[in-house]
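Structure, as structure tokens:
The values are calculated or read from the model by the stated rules, or taken from the named source; none is laboratory data. Here the structure is a predicted model, which is why all the values come from computation and not from measurement. For neighbour counting, all protein chains shown are included, and Cβ atoms are generated from backbone atoms with ideal geometry for every residue, glycine included. Remember, those area values only see protein heavy atoms, side chains included, never the ligands or the DNA or RNA. Shrake-Rupley method; radii C 1.70, N 1.55, O 1.52, S 1.80 Å.
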Amino acid sequence: MSRHRVAERASRAVYFTIVALAIIVALEEAGEDVSATEVVASTVGATIITALADLYARYIAEAIRQEGFSSEEFRAAAIDTAAGVLAAIVPVVPFVVAAGGAISEQSAYDVAAWLGLGVLAAYTLFANRAAGLTGLRGLVTAAAVLLLGFALIALKALVH
């Protein structure tokens with residue numbers, strides 16, 4: 001896979017994971033009236049709609065830039081987008097488990113935040129390797145992302 005494709009997939013995964021987490025946090029703030037099934041449907045649906053809007057925006061930009069967008073280019077962009085959506089679905093998994101009654105909905109919210117952080121950290125490490133960063137420089141970059149994630153989780157815990 002080309003470096004360009006790796007970069008596109010990683011950027012889409014990070015972007016859509018943040019979208020999914022934002023939706024999950026907003027639904028948690030809505031209160032007790034939101035079921036686990038509604039969280040799954042809302043998050044997956046909104047992430048897919050955002051992905052389609054992003055794909056369409058990329059199509060428009062490329063069509064203007066290049067006076068066209070080949071079917072091969074569109075197919076590659078669609079695959080990159082699909083890979084990003086799949087990464088974004090990871091924080092939704094605890095709500096599927098909660099809908100089945102195996103864990104509480106509050107536990108699903110907590111696990112989702114940690115899974116989202118894990119996805120972001122994994123893509124940071126992946127991106128660092130793809131960029132050729134090794135050793136201390138790569139670890140510092142990954143640590144910065146993890147610290148931001150931990151700060152967000154701590155803020156969420158303090159607010160609730």
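For the stretch 19-27, putting each phi into the Karplus relation 6.51 cos²θ - 1.76 cosθ + 1.60 with θ = phi - 60° gives couplings of 4, 4, 5, 4, 5, 4, 5, 4, 5 Hz, in residue order, rounded to whole numbers and with x for Gly and Pro.
Note that the chain presents 58 Å² accessible area per residue, ligands and nucleic acids not counted, probe 1.4 Å.
How far, in nm, would the chain grow between SER71 and ALA30 when pulled straight, counting 0.36 nm per residue and subtracting the alpha carbon separation?
10.6 nm
Ellipticity at 222 nm from helices only: DSSP H runs of n ≥ 4 in the chain, each -39500 (n - 2.57), divided by the residue count, give -30000 deg cm²/dmol.
Run the accessible area of the stretch 1-104 with a 1.4 Å probe and give the carbon-and-sulfur part as a rounded percent. Working shown, then result.
Working: 3660 of 5680 Å².
About 64 percent, which is the carbon plus sulfur part of the accessible surface.
In order along the stretch 36-46, the Karplus-derived 3J(HN,Hα) couplings, from 6.51 cos²θ - 1.76 cosθ + 1.60 at θ = phi - 60°, round to 4, 4, 5, 5, 4, 4, 5, 5, 5, x, 5 Hz, and Gly and Pro are given as x. The stretch between ALA130 and LEU158 holds 6.5 nm of extra length on full extension. This uses 0.36 nm per residue minus the Cα-Cα distance. The overall shape of the chain is oblate: from the C-alpha gyration tensor, with semi-axes ordered a ≥ b ≥ c, the ratio a/c is 1.5 or greater and a/b is no larger than b/c.
Remark: relative contact order (the chain) = 31 percent; criterion is Cα-Cα distance under 8 angstrom and separation of 6 or more residues. Label separation (ALA41 vs GLU105): 1.3 nm, computed from points 7 Å beyond Cα along the C-beta direction. Normalised radius of gyration (Cα atoms, divided by 2.2 N^0.38 Å) for the stretch 1-79: 1.37. Between the alpha-carbon centres of the stretch 22-74 and the stretch 80-123 there is a gap of 16 Å.
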